[in-house]
Amino acid sequence: MKNLINRLLIVLGILSFLTASTRVVYTRPGLMMRVPTSSIQKAPYLFRTGFGTEIHNFNPLNTAKGVYFDMELNRGFSVGFSAVQGGDTTAISRIDTSQYSSPVEFGFHVQQRIFTYNDISISIGLQDVVFQNDQTSEQILSLNTQLLSFFVVLGSEKDLGDYKMNTYMGFGTGGLAPMDTLEIDPDSVTNNSGVFLGFVFKTPYLAKAGGLDIVGEFDGTGANVGLRIPLTSDYRLNLGFTHIDKLPTFKQRYWVGHPGFTIGLDMAVPRQMNRVPTRGPSSPSGEPMYLESSGPLAIGRTPFHQDSTIAMADFAVLSMKDSMALMNNEMRNLMVRLNSMEQESRFLNDSLKSLKLSSNVSEKNMNEALRHLSKSLRYFYAGDYRESLKEVDLALELNPNLALAYARRGSIYYKLGDVQRATINWNLALRLDPEYTDVRNILKALNENKMKNTNFIED
């Protein structure tokens, strides 16, 4: 906070490196038409510049216009400058013969981000430090303290799938406070203040150029709506209407809150750095979002050139390479799964062959098969699973229709750690004897991954 105060004092002392202007739309820094903004992200551009125009009357043409420049230096500290000329405030009945020429205003702005948490940020700053070249004054430039604005703004950035909603709210003084006329008695001026609200709804339309933005705000005097239309990744056309709530008085008088049709154009010069594109519709500036990267996390990064068209092509090629690598990995996974299925199919074929041989076993072999099963049980409890398996195989050679033999072989394979063969044999036992409750319970527990031990009940 101490550093911030020192910065403000220096700026006010030297009267330089501040931004933005009077109340002409799109000449203040940020995304909005007239209200301040705050973002959790560092601006992805080196600087922005452009112009804004308000058309208050078409015949005769009456406009307010201006140009601006702004940039973010470091650690959320941004500065800028604007030069604007207001419209003719002569009464509508005398506008045809009016010789009034609005003074040129040079506006300065400074802003500091002081807090971020998740998608929330808070910024404070000074806006509308305005100097006028009023020809009626003895001074070349005079400070207009009526528009000097101190503000605090809270910003929120929410992702809504392919869409994104940025909202801003705060309060400010001077030019951000309610005003109803330019004819203010200097002796009656007080430190007035007011609240402002705004939102930017970012859409995926024209996403390759940065996305179409819908702007809505209340600037302390009236409601403004607009569109930010990307022409390229660096250029954006700004359209809108100011103070639409006062359109019924459009032909009655001119004032600081007079409604009008607005048009503007801005250009953003990207930073020259290695950046990795992130997912989402766009950054707070309307450009694609990027993260600065260095060190091990910067593997596979693409250098971002000044020519954004080439940069976008580079990112497209990189994305295609990543997609092909993912496809190759998926193909390898499919081949592994296919080999596993073929192996399981061979196991099933072996079991089915055993079932077909059951028709060749006669009744006289049943007693001998049961004797082999009895021997296998003794070996099983003695922990000699290999000998137990041999006895079971002999029993099945004599009688392939013994459900008990398949159940026993399943238990032996489970003890040997071959769960797949164990499952096959248990299923064969259940197929031969659907009422084999113990085997059914074993398979149910196995399928639910709840088997805690390998103690099985043998008949």
**Condition check for GLU368: in the same structural domain as ARG431 (by TED's automatic domain parsing), of a type in the set (D, E, K, R) and closer than 18 Å to SER351 by Cβ** = no
**Request:** Could you check SER358 against (1) under 22 Å from LEU432 (Cα atoms); (2) at pLDDT 85 or above and say which number it fails?
**Result:** (2)
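Yes/no matrix, rows are residues, columns are (1) among the hydroxyl-bearing types (Ser, Thr, Tyr); (2) within 31 Å of the chain's Cα centre (by Cα); (3) at pLDDT 70 or above:
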site	(1), (2), (3)
LEU154	no, yes, yes
LYS158	no, yes, yes
TYR163	yes, yes, yes
THR190	yes, no, no
**Message:** Given the options ASN365, ASN425, ASN349, ASN441, name the one that is modelled with pLDDT of 90 or more and assigned to a helix (DSSP H, G or I).
**Reply:** ASN425
**Prompt:** Mind checking whether some residue in region 242-253 is in contact with a Gly (Cβ under 9 Å, 6 or more places away or on another chain), under 29 Å from MET312 (Cβ atoms), at pLDDT 85 or above and buried (at least 18 other Cβ atoms within 10 Å of the Cβ)?
**Reply:** no
**Prompt:** Of the numbered conditions (1) more than 23 Å from GLY194 (Cα to Cα); (2) at pLDDT below 85, THR22 satisfies every one except a single condition; which is it?
**Reply:** (1)
**Condition met for LEU148 (surrounded by fewer than 23 Cβ atoms within 10 Å (Cβ to Cβ) and either modelled with pLDDT under 85 or not assigned by TED's automatic domain parsing to the domain that holds THR27 (or both))** = yes
**Message:** Just checking, does region 175-187 include any residue being at pLDDT 80 or above and of a type in the set (Gly, Ala, Ser)?
**Reply:** no
**Request:** Output yes when any residue across region 289-308 is at pLDDT 50 or above, outside the structural domain of TYR26 (by TED's automatic domain parsing) and either in a helix (DSSP H, G or I) or in contact with a Leu (Cβ under 6 Å, 6 or more places away or on another chain) (or both), and no when none is.
**Result:** yes
**Prompt:** Quick one: is PRO204 modelled with pLDDT of 85 or more and more than 18 Å from the chain's Cα centre (by Cα)?
**Reply:** no
**Prompt:** So which residues in region 399-410 are surrounded by fewer than 24 Cβ atoms within 10 Å (Cβ to Cβ) and assigned to a helix (DSSP H, G or I), if there are any at all?
**Reply:** ALA403, LEU404
**Request:** With respect to ASP234, determine if the residue is within 18 Å of SER82 (Cβ to Cβ) and at pLDDT 60 or above.
**Result:** no
**Request:** Could you tell me whether region 254-262 includes any residue that is of a type outside the set (Asp, Glu) and at pLDDT 90 or above?
**Result:** yes
**Request:** May I ask you to verify whether ILE14 is modelled with pLDDT under 65 and either within 30 Å of GLY216 (Cβ to Cβ) or in the same structural domain as MET169 (by TED's automatic domain parsing) (or both)?
**Result:** yes
**Single residue of region 34-64 satisfying the filter (under 17 Å from LEU147 (Cα atoms) and modelled with pLDDT of 90 or more) that is farthest from the chain's Cα centre (by Cα)** = VAL35
**Request:** Can you work out which of the residues in region 207-220 that are farther than 24 Å from VAL269 by Cβ and of a type in the set (A, V, I, L, M, F, W, C) is modelled with the highest pLDDT?
**Result:** ILE214
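The values are calculated or read from the model by the stated rules, or taken from the named source; none is laboratory data. Here the structure is a predicted model, which means the values were calculated and not measured. A quick note on method: Cβ atoms are made from the backbone with ideal geometry, for glycine too, and the neighbour counts reach across all protein chains shown.
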